[in-house]
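Q: Quick one: this structure, given as structure tokens, is what I'll be asking you about.
No value in this document is a laboratory result; all are computed from the given coordinates. Nothing here was measured: the structure is a model prediction, and the numbers come from that model. So basically every Cβ, Gly included, is an ideal-geometry build from the backbone, and we count neighbours across all protein chains shown.
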Amino acid sequence: MIANLKDDEQHKHKNGGGWVANTARIDETVYVGPHALVYGKSELSGRVRVEDFAQVSGTAVLSGDVIVRRYAWLDKGTHKTGVFARNERVVTKAERLRPAEDGL
């Protein structure tokens, strides 16, 4: 579950069982793994995969052949291809625990 959201503000995605906020736009073709989270105003379509403990939030727009895995966290930008397996911008534990820019 997405900790900062109420039960009626999120749901499990049909393809993979991961948690998705009702504010996010996500196609049924997108795979969201059972421990992955998608929230904010993010938009995911096509063959996108969100695996492991990855998070997609904020205003991120993903389409095509994008894979977000491990502990990666994308919260902005438009991506049509690529594998994101590392979160370069997280440096400290305090930063990792801070909410996303969209407050979720």
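Q: Tell me, please, whether a residue that is assigned to a strand (DSSP E or B), of a type in the set (D, E, K, R) and within 12 Å of the chain's Cα centre (by Cα) can be found in segment 13-26.
A: Yes, segment 13-26 contains a residue that is assigned to a strand (DSSP E or B), of a type in the set (D, E, K, R) and within 12 Å of the chain's Cα centre (by Cα).
Q: Sticking with this one: Within segment 45-66, can you find the residues that are of a type in the set (D, E, K, R) and either buried (at least 20 other Cβ atoms within 10 Å of the Cβ) or part of a loop (DSSP other than H, G, I, E, B) (or both)?
A: Correct list: Arg47, Arg49, Glu51, Asp52.
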